[in-house]
Amino acid sequence: MVLLACAGHVALNGAVQSKTIAGREVVNVSDISNHLGMKMRWVERGERISLANQWTRIDIGSKERHILINNVRISLGRPVLAYRNQLYIDTLDWHFTLLPVITPQQFKPSKPGPIRTIVIDPGHGGKDPGAVNKQMGLQEKSLTFDVSKRIQQHLTRAGFRVVLTRENDTFIALEDRTVIANRHKADLFLSIHFNSHADGSAQGVETFAFTLINHPSTARSSTVKSDRLHAQANRHDPWNALLGYHIQNRLIRGLSERDRGLKRARFTVLRDIRCPAALIELGFVSHPETARKLKNANYRNQLAQNVAQGVIDYSARIQAIR
Ligand SMILES: [Zn+2]
């Protein structure tokens, strides 16, 4: 009954029965296939399944902590379970990650209103430069501001009202960024960042949605006590997943960057927000080739265009729910 408590306003879908196997609440992938009317094929018996219909393809592999939806890597809270020649997915992952991406219609009662105001949060600023590549003269705080301004232009042109959490190079505490978004009555919130890693070979783009209740974030494999707490952001679980999917989808299709996936984290800027939200890591300043590209305004504009297009796709999916 944990799920009902978490789901709150969302009616559970009775068509796919949850089972307890090895102490885990899971659903059988073949039941998912029947429920969604997707054709199921064993790519490797007992190990790897592909589900497909004319619009969607889902690839699921035993023990993996991610699946592919239309070739977009989607992180799961718990690994796929193999049991007696069947594959099982965690019930929360099924209900709050797969289902909203594939048929958001199922969440109609909690559907957000039309998107009017979008708040974009350029990460870091002022005394906090964020990630730095000295050699290439790159600072994350300047990149996030540049790309946020460009996203603003694209989305304004598409008819949205777009506000930034900072309009110059100033420091804003993480908690204050959500306060600003809530004050502007944001219908959607995007926090823009760039990555860095001591290992210069790390590369690619990733999008974060707030972690589901009772699940560990992607960076960890087991839960801690605080993972059981309900946050403001969890009211939007299905919509956070749908938004994150569409942004990551555009980023990997529009750019030839490595797909690091839609991931989960309990970031402060995602936690207390009163609307669907995503945090986007648009590449590693520490990767030589990426750093070279980030110096180029055309490339930064491509990044912005793809983020904006992801938002437009998401907005269209919401509007299509009747
Ligand atoms: Zn950052």
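Bear in mind that the values in this text are calculations on the coordinates, not laboratory data. Since the model is a prediction, treat every value here as computed from it, not as a measurement. Reconstructed Cβ throughout: ideal geometry from the backbone, glycine too, with neighbour counts over all protein chains shown.
In segment 111-145, what residues are on the phi > 0 side of the Ramachandran plot and within 12 Å of the ligand (Cβ to nearest atom)? Of everything in segment 111-145, those that are on the phi > 0 side of the Ramachandran plot and within 12 Å of the ligand (Cβ to nearest atom) turn out to be H124, G125, G130.
Applying the condition of being among the β-branched types (V, I, T) and more than 21 Å from T268 (Cβ to Cβ) to segment 152-173 and asking which residue is farthest from the ligand (Cβ to nearest atom) yields T156.
Applying the set (1) under 19 Å from F210 (Cα atoms); (2) away from the ligand (no atom under 16 Å from the Cβ) to K108 leaves exactly one unmet item: (1). The set of residues in segment 192-217 that are of a type in the set (V, I, T) and either more than 16 Å from the ligand (Cβ to nearest atom) or more than 15 Å from the chain's Cα centre (by Cα) (or both) comprises T211, I213.
In the set (1) under 30 Å from R78 (Cβ atoms); (2) free of Cβ contacts under 8 Å to residues at least 12 places away in the same chain; (3) acidic (D, E), E167 fails one condition alone, (1). Does S148 satisfy the condition of being within 19 Å of Q302 (Cα to Cα), within 16 Å of the ligand (Cβ to nearest atom) and surrounded by fewer than 21 Cβ atoms within 10 Å (Cβ to Cβ)? No; evaluated as a whole, the condition is false for this residue.
Residues of segment 176-206 being assigned to a strand (DSSP E or B) and under 13 Å from P276 (Cα atoms), which ones? Steps first, please.
Let us first name the residues in segment 176-206 that are assigned to a strand (DSSP E or B), namely 188-195, 205-206.
Of everything in segment 176-206, those that are assigned to a strand (DSSP E or B) and under 13 Å from P276 (Cα atoms) turn out to be L188, F189, L190, S191.
Only one of the numbered conditions (1) touching a residue at least 12 places away in the same chain (Cβ under 8 Å); (2) surrounded by fewer than 22 Cβ atoms within 10 Å (Cβ to Cβ); (3) under 20 Å from H246 (Cβ atoms) is violated by I58, and that is (2).
For segment 101-138, the set of residues classified as within 23 Å of L155 (Cα to Cα) and among the basic types (K, R) consists of K111, R116, listed by residue number. Checked against (1) of a type outside the set (K, R); (2) crowded, with 17+ Cβ neighbours inside 10 Å; (3) touching a residue at least 40 places away in the same chain (Cβ under 8 Å); (4) more than 18 Å from L188 (Cα to Cα), D227 meets all criteria but (3).
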